[in-house]
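I have placed the structure first, in the form of structure tokens, so that the comments after it can refer back to it.
Only the coordinates and a few stated rules stand behind these numbers; no lab work does. Computed from a predicted structure; not experimentally measured. Here Cβ is always computed from backbone atoms with ideal geometry, including for glycine, and neighbour counts include all displayed protein chains.
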Amino acid sequence: MADIQKEIPKNGRTPSKREGKAAFFQSPKGMHDILPADWPMWEKIYKIAREIAEFYNFSRIETPILENVDLFIRGVGEVTDIVEKEMFVLKTKGGDKLALRPEITAPVVRSYLQRGLHRLPQPLKLYYIDPVFRHEKPQAGRYRQFNQLGFEIIGGESDPLYDAQSIIVMYRFLEDVKVKNLMVQINSIGCRVCRVTYRRRLIDYYKKQKVCRDCTRRLEKNPLRLLDCKNAMCATVKPNAPSILDSLCTVCKTHFKEVLEFLDEVNLPYSLNPYLVRGLDYYNRTVFEIFTEGNDLALASGGRYDYLAEMLGSRPTPATGVAAGLERIIEIVRNEPVYQNQRTKPKVFLIHVGEVTKKKSLSLIEEFRKENMPIFETLGKDSLSAQLERAAKIKSPIALIFGQKEAYEENIILRDMETGVQESVPLSKVVQEVKRRLR
Ligand code: AMP
């Protein structure tokens, strides 16, 4: 991502790397600015997200950036990387312990319960596009602040249709933003009933293997986590670990089969990955990740989380959801033609000559604004040649040249930048004249 130090010359020149570091504050590690040049691309991606959400009937929700830290300890799980290692936690002057949200599903369910959203027609389909914070080791595709687009379907029945719909909505979004060669990996991690048997089988298996220190510690408390471990030693023993699919109860098996049938119905390709467990405790049954070929960092991940509402003190509430990391997506699609030359260029360039016209230009700009016609100006530059140079660069088809004489006569020169032909137009008619010509 671009670095603002490269954009701001010091004393008219770009500072060297060492000077740059000494001369300016740096953004916090793993956190970035979204600079003006990138905004058109971000806006386009937001627009696609909004259109997808609207099409599939998701309504937007926004929760606070800070939440009570217990929400994540209870919701995401105590023995998870997010809670054990990655939360930014602060204590308020009043003594409250708050966390910068490391994910948004638990906050959305908190809001659903707190604000009585369960009284609306169910299931409730919600989406968000907001920043999240994780104290991870910064590297390509892994940041400490990043933006997530998430879709959640909460309430109603624990219907496999909704598991499939969570995958479909994100898959369509990724297609629409031009990520190619998408791959969905999917698994079922069962329910409270069948997971008991599976946990036992996992513990029995891993007890006989050599695993890393973290995994030795979490084996009894959270053995599913071992399947997620990136340590080389743990990765070597994973392929022979028991598969959860052999332990699923009949209800979970049927649920999973139906999810896959719904995906088949819309020809959405997927592959089964019996070792996919996901790093958060609240999932049950379906879990999935979406990748693009050649990239082993997931672009989006999600699953069913029927127990989360209960973990937060309410009754069990069926729910499924998915979240994508927008930075990872942008890194992949930023060179796609649809994201090039996104800035809409104003078709009119206003050039002024002298102090009087500079002042009058301001009210002229307001006239153009009333007609919603963007107009480009460099009123801060008084040199005519500098303004003409800029006008030529912008390539606006029309230039308005406002000279002293014209101001005095209440006229302005309208120049067709393609033909070079110019004529004097009364100030009171210039907006309509420009409008007519651009039509
Ligand atoms: P999760 O909430 O862990 O299921 O992550 C959902 C999505 O967020 C992932 O599939 C990634 O695309 C993205 N993501 C997770 N962690 C990071 C990170 N540290 N930096 C950038 N994107 C991330």
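Could you give the size of the charge dipole of the range 313-439 about its Cα centre, using +1 on the Cβ of each K and R and -1 on the Cβ of each D and E, expressed in debye and rounded to the nearest 20?
Approximately 380 debye in magnitude.
Bridge orientation summary for the chain: considering DSSP beta bridges with both residues in this region, about 80 percent are antiparallel. Normalised by the number of residues in the chain, the average gap of Cα pairs under 8 Å and 6 or more apart makes the relative contact order 14 percent.
Filter the trypsin sites (Lys or Arg not before Pro) in the range 50-120 down to the DSSP loop ones having no more than 15 other Cβ atoms within 10 Å, then list what survives.
Passing both the DSSP loop test and the Cβ count: K93, R115.
Give the shape of the range 353-439 as rounded, prolate or oblate, defined through the alpha-carbon gyration tensor: a ≥ b ≥ c are the square roots of its eigenvalues, a/c under 1.5 means rounded, and otherwise the shape is prolate if a/b is larger than b/c and oblate if not. It is rounded, given that a/c, with a ≥ b ≥ c, falls under 1.5. Reported to the nearest whole Å, the Cα centre-to-centre distance from the range 111-177 to the range 347-403 is 46. Scalar couplings 3J(HN,Hα) for the range 255-263, obtained by applying the Karplus form with A = 6.51, B = -1.76, C = 1.60 to θ = phi - 60°, are 4, 5, 4, 5, 4, 5, 5, 5, 5 Hz; x denotes Gly and Pro. Annotation: amide H of I412 within the under-5 Å range of V425, L427, sequence separation 5 or more or interchain, hydrogens built in the peptide plane.
Counted by neighbouring Cβ atoms within 10 Å, the residues R101, R334 run from fewest to most as R334, R101. If both residues of a DSSP beta bridge must be in the range 34-160, then about 90% of such bridges are antiparallel. Near the amide H of H352, within less than 5 Å, lie the amide hydrogens of F402, all on another chain or at least 5 residues away, with H placed in the peptide plane.
Adding -39500 (n - 2.57) for every DSSP H run of four residues or longer, then dividing by how many residues the chain holds, sets the calculated 222 nm ellipticity at -10500 deg cm²/dmol.
Assuming charge only on the beta carbon of Lys and Arg (+1) and of Asp and Glu (-1), the dipole of the chain about its Cα centre is about 1240 debye to the nearest 20. In terms of surrounding Cβ atoms within a 10 Å radius of their Cβ, L438, L400 rank from fewest to most as L438, L400. Shown in residue order for the range 50-66 are the 3J(HN,Hα) couplings computed by the Karplus curve 6.51 cos²θ - 1.76 cosθ + 1.60 at θ = phi - 60°: 5, 5, 4, 4, 5, 4, 8, 6, 9, 9, 6, 9, 9, 10, x, 5, 9 Hz (x for Gly and Pro). Averaging 1/r over every pair of different alpha carbons in the chain and inverting the result gives a Kirkwood radius of 25.6 Å. Across the range 86-101, coupling constants 3J(HN,Hα) worked out from phi with the 6.51/-1.76/1.60 Karplus curve, θ = phi - 60°, read 10, 8, 8, 10, 9, 10, 7, 4, x, x, 6, 9, 10, 10, 5, 4 Hz, and Gly and Pro carry x. When you restrict to C-alpha pairs under 8 Å that are six or more residues apart and normalise by the size of the range 263-367, the relative contact order lands at 15 percent.
Express the relative contact order of the range 212-329 as a whole percentage, based on alpha carbon pairs under 8 Å and six or more residues apart in sequence. Relative contact order for the range 212-329 comes out at 17 percent.
When each of the peptides 423-429, 321-327 is scored by the mean number of other C-beta atoms lying within 10 Å of its residues, the order from highest to lowest reads 321-327, 423-429. Residues whose amide H comes within less than 5 Å of that of R60, counting only those at least five positions distant or on another chain, are Y127 (H built at 1.01 Å from N in the peptide plane).
Each of R315, R439, R328, R225 was scored by other Cβ atoms within 10 Å of its Cβ. Listed from fewest to most, they are R439, R315, R328, R225. Projecting the Cα atoms of I394, Q148, F58 onto the charge dipole of the chain (Cβ charges, centred on the Cα centre) puts Q148 farthest toward the positive pole.
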